[in-house]
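What follows is one structure encoded as structure tokens, with my remarks underneath.
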Amino acid sequence: MAAPVAVIDLENFPADLEKLAAAAAGQGCFRIVKHGMRPSLEAEMKAVTRSLFEIPAEVKLLNINERIDNGSYVPPTKMGRFFESFSIYDAASLADVHAFCSILQVSEYQRCGVLCFTFLLLPAEILCECVAELYGVMMNVAGKVAESLGLNGYSFEEWACGARLHLYNFKEEEDIGSIGLPGHTDSNFLTLVIEDDSVGGLEIMNANKDFVAIDPVPGAFLVFVGDAAKDKDIHCHDDKPAEMDM
């Protein structure tokens, strides 16, 4: 049975503030609706993501970095053989988004090819527009979570906000039920997740220490509250801000 997750209407504040505070302090995650992201742009971003992972393996492997948050490609490994990922270090930086496009080293022929046409007709434009909108959503949510913690007016402008694109390669019937990534908590402040509407498998730990499924909800984004948000002295850490991811 799927776990119930609080739904927060971003247009219904301050009425939903108490519900947000309870979800953040309790279950540690919630869904947001009426977030302002256009459905058409969300669909384009998902198409971009799929096409990125279809780039030849030898090209993706040129972009491996030991640290995922430096903006690079993480291939499947023995520890996570179903998982691979791309990342953009700073979602607020137009230069970082363009650098992410450039580092993939896609040829002009591939830019016009059928395989990657969704990503490569306007790669930087699509990514920049989508990442910019998501960054705005993240700042809105972060501000409301901070308010729920009693930190009214706290600014997140100096915080790092990365964008990550994940793929779980469950291709064979025998792969079903395997673990994509080990259980973990996020050390950052918030993680905003745009799920694939037709693919489940995400699980959270409930109060009884059992893992329970979270079913995807079309049009809603899932937000996880990280360890940094649970730090009561967060307002004292301006010298070394924590991070957010989306």
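The values are calculated or read from the model by the stated rules, or taken from the named source; none is laboratory data. This is a predicted model, so every value here is computed, not measured. With ideal geometry, Cβ positions are generated from the backbone for all residues, glycine too; neighbour counts draw on all protein chains shown. Just so you know, the surface numbers come from the protein's heavy atoms only, side chains and all, with ligands and any DNA or RNA stripped out. Shrake-Rupley method; radii C 1.70, N 1.55, O 1.52, S 1.80 Å.
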- Note on the structure: Going through (1) out of contact with any helix residue (DSSP H, G or I) (no Cβ under 6 Å at 6 or more places or on another chain); (2) modelled with pLDDT of 85 or more one by one, Leu192 fails only at (1)
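Checking the structure you have, find out if any residue of the stretch 147-154 is assigned to a loop (DSSP other than H, G, I, E, B) and at pLDDT below 80.
The answer is no, given that none of the residues of the stretch 147-154 is assigned to a loop (DSSP other than H, G, I, E, B) and at pLDDT below 80.
When the residues of the stretch 144-157 are filtered to those that are more than 30 Å from Gly180 (Cα to Cα) and hydrophobic (A, V, I, L, M, F, W, C), which remaining residue is most open to solvent (accessible area, probe 1.4 Å)?
From the stretch 144-157, those more than 30 Å from Gly180 (Cα to Cα) are 144, 146-157; that's our starting set.
From the residues that got through so far, the ones that are hydrophobic (A, V, I, L, M, F, W, C) too are 146, 149, 151, 156.
Working: Ala146: 1, Leu149: 70, Leu151: 35, Phe156: 10 Å².
Among residues in the stretch 144-157 that are more than 30 Å from Gly180 (Cα to Cα) and hydrophobic (A, V, I, L, M, F, W, C), the one most open to solvent (accessible area, probe 1.4 Å) is Leu149.
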- Any idea which residue in the stretch 195-226 is modelled with the lowest pLDDT, counting only those that are closer than 15 Å to Lys46 by Cβ and of a type in the set (D, E, K, R)? Asp197
- Item | Residue list for the stretch 158-202, filter: open to solvent by 60 Å² or more (accessible area, probe 1.4 Å), in contact (Cβ under 8 Å) with a residue 12 or more places away in the chain and outside any loop (DSSP other than H, G, I, E, B) | Arg164, His166, Tyr168
- Message: Taking the condition of being modelled with pLDDT of 75 or more, open to solvent by less than 20 Å² (accessible area, probe 1.4 Å) and part of a loop (DSSP other than H, G, I, E, B), how many residues in the stretch 87-137 meet it?
- Response: 1
- Item | Test result for Ala142, small (Gly, Ala, Ser) and in contact with a Leu (Cβ under 8 Å, 6 or more places away or on another chain) | yes
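In the stretch 16-32, is there at least one residue being modelled with pLDDT of 85 or more, loosely packed, with under 14 Cβ neighbours inside 10 Å and hydrophobic (A, V, I, L, M, F, W, C)? Break it down into steps so the answer makes sense when it comes.
Residues of the stretch 16-32 that are modelled with pLDDT of 85 or more, as a first pass: 16-32.
From the residues that got through so far, the ones that are loosely packed, with under 14 Cβ neighbours inside 10 Å too are 18, 22, 25-26.
Subset that is hydrophobic (A, V, I, L, M, F, W, C): 22, 25.
Taking every residue of the stretch 16-32 in turn, at least one turns out to be modelled with pLDDT of 85 or more, loosely packed, with under 14 Cβ neighbours inside 10 Å and hydrophobic (A, V, I, L, M, F, W, C).
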